[in-house]
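The values are calculated or read from the model by the stated rules, or taken from the named source; none is laboratory data. Remember, predicted model here, so these are calculated numbers, not experimental data. For neighbour counting, all protein chains shown are included, and Cβ atoms are generated from backbone atoms with ideal geometry for every residue, glycine included.
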């Protein structure tokens, strides 16, 4: 299988399957001298982890990171950083009935036609378990960005099914299992998830990520556009079916006089573009959003075919998220951070000696 690596100067390669002995990644291109220890990964991996509440999959993995290379005496050395997490709570027997059938809206059918073989245990390589290593790699990027540029990357869930926040409070996001910015709505979210779980159904979600403190100049004007690479990275997250930068699809209904972000000596008058102009960061906050589809592994019977093309009915048992978006916030944050660090290094390599041309107004 190809295309398991992304990034240019900072590249990340992930490996492993949902029910294999371990998952891991190699982060290449991290500059030397960054303090890094296994405990640095604990917080973000816990934020992504299953089993935190009754509203997510009850698979309970320890997610303990082993640093195999690239760190000496607590500092990165500039050589490849290899990270490993051993799988400790896989239940492969839950997938015995899927050996000869294809789950609707899952990658089973496409993997089979592409490779002629597939690992049905938990979805194998297509499982969201793989995103654990993206979050781990993202920890490195977030730490480097904060220390070298003061960049802060944070996200939240802003839609679950038809529910949207009535108020927005960043301080509430980390105080509930939904990463939801309106604490008063958490009981409503819990009731919705309880009803979905009882019905054996699922629902989609929207996650938004903002990166604050990004200086102007990161990105490239044509094929390496910052917004294009953010979109590709975010679209590469399991279950993502749409990506927005700035106002995104809402721009369709806007007039140019409304959408354009006018410049004043005091700063930009608005940020409809999401902090990126012509593929290059403007110095404003970068705003991204993703739309995640409803979980395809549900208990409601669905029509499919088996390997012989015969009609079958599929019921997916096992431990699954009724809404994958609940755990997607740290994953989306990680992908944004990784793209930003890659572009920071690329900008430094080519244009690091270009002096400021105009006072920064963002």
Answer with yes or no whether residue 289 is buried (at least 17 other Cβ atoms within 10 Å of the Cβ), touching a strand residue (DSSP E or B) at 6+ places or on another chain (Cβ under 8 Å), at pLDDT 95 or above and assigned to a helix (DSSP H, G or I).
no
Answer with yes or no whether residue 275 is touching a strand residue (DSSP E or B) at 6+ places or on another chain (Cβ under 8 Å) and surrounded by fewer than 21 Cβ atoms within 10 Å (Cβ to Cβ).
no
If a residue has to be assigned to a strand (DSSP E or B), more than 20 Å from residue 306 (Cα to Cα) and modelled with pLDDT under 90 to count, how many in region 76-104 make the cut?
0
Scope region 30-56; condition at pLDDT 90 or above and either within 30 Å of residue 189 (Cα to Cα) or buried (at least 17 other Cβ atoms within 10 Å of the Cβ) (or both); matching residues:
30, 34, 36, 40, 41, 42, 43, 44, 45, 46, 47
By residue number, the members of region 201-218 that are closer than 15 Å to residue 145 by Cβ and over 16 Å from the mean Cα position of the chain (by Cα) are 212, 213, 214, 215, 217, 218
Would you mind stating whether residue 345 is in contact (Cβ under 8 Å) with a residue 24 or more places away in the chain, surrounded by fewer than 24 Cβ atoms within 10 Å (Cβ to Cβ) and in a helix (DSSP H, G or I)?
yes
Meets criteria (farther than 28 Å from residue 147 by Cα, surrounded by 17 or more Cβ atoms within 10 Å (Cβ to Cβ) and modelled with pLDDT under 95) for residue 18:
yes
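To keep it simple, each residue is scored yes or no on (1) in a helix (DSSP H, G or I); (2) without any contact (Cβ under 8 Å) to a residue 60 or more places away in the chain; (3) farther than 20 Å from residue 48 by Cβ.
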residue: 106; (1), (2), (3): no, no, yes
residue: 109; (1), (2), (3): yes, yes, yes
residue: 125; (1), (2), (3): yes, no, no
residue: 130; (1), (2), (3): yes, no, no
residue: 140; (1), (2), (3): yes, no, no
residue: 145; (1), (2), (3): yes, no, no
residue: 156; (1), (2), (3): no, no, no
Give region 245-263 a look and list any residue that's surrounded by fewer than 18 Cβ atoms within 10 Å (Cβ to Cβ) and within 26 Å of residue 347 (Cβ to Cβ), or say none.
248, 260, 261, 262, 263
Confirm whether residue 229 is part of a helix (DSSP H, G or I) and closer than 21 Å to residue 284 by Cβ.
yes
Just to verify a result, which residue in region 178-191, among those that are crowded, with 19+ Cβ neighbours inside 10 Å and touching a residue at least 24 places away in the same chain (Cβ under 8 Å), is nearest to residue 43 (Cα to Cα)?
179
